[in-house]
Amino acid sequence: MIEPDTIKLLRECDAGVKMGVASIASVLDHVKDRDLKERLSSCKQEHNALDRELQGLLDRYHDEGKDPNPMAKSMSWMKTSVKLGMDPSDGAIASLMTDGCNMGVKSLYRYLNQYQAADEASKSIARRLIRLEEDLTADIRAYL
């Protein structure tokens, strides 16, 4: 029997990956530094690769996944628009991305703790997504 925690954790990871991809996409055109742009693009590709794997697991469980919370997505878009309107620097972009990554990591750890009965494959995806977010945060600190 499929543990309900497995599907719940996969859904939260799905929403997190989609939010991460959308957030990176929303700032990429504003990035001036070539290395920062390459790092963000690479992270977006890594998120997309993880998403494909995640979709495979969701398909196996006959689940459609989960989109990010519309309110959270709207608030993120608004914060990005306002902040970049006032300060379109790479430092502002790094700050926005760091804040988003930190919120994502916090949420994912909460879901890992909440859905402890999830299978190891879904826990592994959650941990890998956490690592992606933590690595991006570390990589862009120099731009803060």
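The values are calculated or read from the model by the stated rules, or taken from the named source; none is laboratory data. Given the structure is predicted, the values throughout are model-derived calculations rather than measurements. A quick note on method: Cβ atoms are made from the backbone with ideal geometry, for glycine too, and the neighbour counts reach across all protein chains shown. Side chains are part of the model used for accessible areas, which takes the heavy atoms of the whole protein and leaves out ligands, DNA and RNA. Shrake-Rupley method; radii C 1.70, N 1.55, O 1.52, S 1.80 Å.
Odds and ends about this structure:
- Calculated Rg and Dmax of segment 93-144 using C-alpha coordinates, Å: 12.3, 39
- Quarter of the Cα convex hull surface for segment 58-129, i.e. its orientation-mean projected area (nm²): 6.0
- Placing +1 on the Cβ of every Lys and Arg and -1 on the Cβ of every Asp and Glu, with nothing else charged, gives the chain a dipole about its Cα centre of roughly 280 debye.
- Share of pairwise Cα separations in segment 1-90, more than 23 Å, in percent: 35
- Modelled FRET efficiency - R0 25 Å, Met86 with Arg141, Cβ distances, 0.05 increments: 0.70
- Per residue, in Å², the accessible surface of segment 78-144 once ligands and nucleic acids are set aside, probe 1.4 Å: 53
- What separates the Cα centres of segment 78-144 and segment 1-74 is a distance of 11 Å.
- Label point distance in nm, Asn69-Asn113, each placed 7 Å from Cα along Cα→Cβ: 1.7
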